[in-house]
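The values are calculated or read from the model by the stated rules, or taken from the named source; none is laboratory data. Since this is a predicted model, take the numbers as computed values, not measurements. FYI the Cβ positions are ideal-geometry reconstructions off the backbone, even for glycines, and counts take in every protein chain you see. Please note that ligands, DNA and RNA were not included when accessible areas were found on the heavy atoms of the full protein model with its side chains. Shrake-Rupley method; radii C 1.70, N 1.55, O 1.52, S 1.80 Å.
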Amino acid sequence: QVQLVESGGGLVQAGGSLRLSCAASGRTFSSPAMGWFRQAPGREREFVAAISGSGSITYYADSVKGRFTISRDKVKNTVYLQMNSLKSEDTAVYYCGATYASTSGLRSTADYWGKGTLVTVSS
């Protein structure tokens, strides 16, 4: 029902910034809660950030608090992840996820997924 397409990944130096986008489409009943996840080489997939359908509620992993900001544009039906002060540890494939369940539930899993976009942070 929900189609998600990520974009904005690429190569950036440590300390730099990057903004990821996730465009949502499909026959949706209403705006779903959406979030970002990442999987680094040799690591398990982890939660990064989430935002409610209205955009009024957000959650962040402790590892990115103060550096990453999640937001959404209801007109463009797009969710963004602004990543600042990037570290080599942020290198991963970043996935966009969505759910019609609780926003807090995205801290563990999602019901719909994008194909991912690669972010590489060099030293």
The ratio Rg/Rh over the Cα atoms of segment 59-123, Rh being the Kirkwood inverse mean 1/r radius, stands at 0.96
Stretched out fully, how many nm does the piece from Ala101 to Ala14 gain, at 0.36 nm a residue minus the Cα gap?
-> 27.8 nm
Per the Kirkwood formula over distinct C-alpha pairs, the hydrodynamic radius of the chain in angstrom is 14.2 Å
Two pseudo-spin positions, 7 Å from Cα along C-beta at Asp73 and at Ser56, lie apart in nanometres by 2.4 nm
For the chain, the dipole about the Cα centre with charges only on Cβ (Lys and Arg +1, Asp and Glu -1), to the nearest 20 debye, works out at 200 debye
For the chain, report the accessible area per residue in Å² (1.4 Å probe, heavy atoms, rounded to an integer).
-> 53 Å²
Between the alpha-carbon centers of segment 7-21 and segment 42-82, tell me the distance in whole angstrom.
-> 15 Å
